[in-house]
Structures are given as C-alpha cells and as structure tokens.
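The values are calculated or read from the model by the stated rules, or taken from the named source; none is laboratory data. Predicted model, so just to flag it, every value in this text is computed and none were measured. Cβ placement follows ideal geometry from the backbone for every residue including glycine, while neighbour counts extend to all protein chains displayed. Please note that ligands, DNA and RNA were not included when accessible areas were found on the heavy atoms of the full protein model with its side chains. Shrake-Rupley method; radii C 1.70, N 1.55, O 1.52, S 1.80 Å.
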Amino acid sequence: MKRIGITRVAGADVSVALPSYASAGAAGADVRANLADRGRVVIAPGARALVPTGLCMAIPEGFEVQVRPRSGLALKHGVTVANAPGTVDSDYRGEVGVILVNLGAEAFAVEHGDRVAQLVVAPVVQAAFEGVEELDA
C-alpha cells in the first residue's frame, strides 16, 4: 500500500472525512466536497464548477492520483468529472479540486461533505519523445 500524506487548507472543515475506500476491493477512494461556507454549490444543466476538497497531497515521485467520476452521480444525475480522468501530479502541492459538469436536465446541488469523485493512485512512466524519419511497423 502506497502512503499519501495529506494536509488541509486553511479554513477547511476537519470533520469532512479524508479520502477512503468503500470496500476492500475498491480501486478508487471517495473524496468529498469541503466548502468554505459549509453550504452548497449548485451546478446548472450544461454548467461546470470547481468543487474544493480542502486537501493537499504529497504524492510520491513516480505516481499520480487520478480524479475519476462516481458512477452513481453520472447515472442518477448526469454529473461527471469534466476532465476525466483528471491528474494530480507528484510535484503538485496545492489544493485538489474536482471539476464537475452537469450533463443532466436539472440543476444539481453539491452539499458540503458530499462524495464528489474517486481518487485512484497509479504509477507513471515518463517517455523520451524524439522525432524520427519513419515509424517502425
């Protein structure tokens, strides 16, 4: 199991749970909205919003954290992660936000503490890109 150090941004609600796995076989850890005003963010149909998590992470070099949609939100409400999967790089130390888009027909409210996405820790391989005259078969 990889260790990911987490801190909270100033003013974040410490009662909002850290990312956690819903089951022993889960690949993604649920991450929750941590709204500064402890209120809600309403996303109109066709609109998108950056939902804060209140979390900053120390991801080990050679890994990334992918931000992925929650299937229940997508199926029930048409709400998904706009840049899925989003990537949090190992050298990023700012607050992790989730860009949600509402593809549904009705406005969708994200409440403080709601599960808004899943985080998947994945290894990263960097490549050396080089121009060549021809590609091999």
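List of remarks:
- Mean separation of Cα contacts under 8 Å (6+ apart) over length of the chain, as relative contact order %: 32
- Solvent exposure of the chain amounts to 62 Å² per residue of accessible area, where only protein heavy atoms count and the probe is 1.4 Å.
- Residue 83-residue 109 FRET efficiency (beta carbon distance; Förster radius 22 Å; 0.05 resolution): 0.55
- Longest stretch of the chain clear of exposed loop sites (GluC sites (Glu not before Pro), DSSP loop, at most 12 other Cβ atoms within 10 Å, sites excluded): 1-60.
- Size-normalised alpha-carbon gyration radius of region 18-66, reference 2.2 N^0.38 Å: 1.45
- Length-normalised contact order for region 68-137 - Cα pairs under 8 Å, 6+ apart - percent: 35
- Tensor-based shape of region 51-111 (alpha-carbon gyration tensor, a/c under 1.5 rounded, otherwise prolate or oblate): prolate
- Close amide H contacts of residue 32 (hydrogens built in the peptide plane, cut-off under 5 Å, sequence separation of 5 or more or a different chain): 116.
- D (Stokes-Einstein, µm²/s), Kirkwood Cα radius, the chain, 0.692 mPa s at 37 °C: 203
- Carbon and sulfur %, accessible surface of the chain computed with the full protein complex present, 1.4 Å: 53
- Region 83-137: chymotrypsin sites (Phe, Trp or Tyr not before Pro) falling in loop per DSSP and having at most 16 other Cβ within 10 Å: 92, 129
- Straightening the chain between residue 42 and residue 10 buys 9.2 nm, computed as 0.36 nm per residue apart minus the Cα-Cα spacing.
- The longest stretch of the chain left intact once loop-based trypsin sites (Lys or Arg not before Pro) with at most 15 other Cβ atoms within 10 Å are removed from consideration, loops following DSSP, is 39-92.
- Spacing of the modelled spin labels on residue 99 and residue 128, each 7 Å from Cα toward Cβ, amounts to 3.2 nm.
- Of the beta bridges in region 1-97, as assigned by DSSP with both residues counted there, near 100 percent are antiparallel.
- Using θ = phi - 60° and Karplus 6.51 cos²θ - 1.76 cosθ + 1.60, couplings along region 121-136 (whole Hz; Gly, Pro as x): 8, 9, x, 10, 10, 8, 10, 9, 8, 9, x, 10, 5, 9, 8, 6
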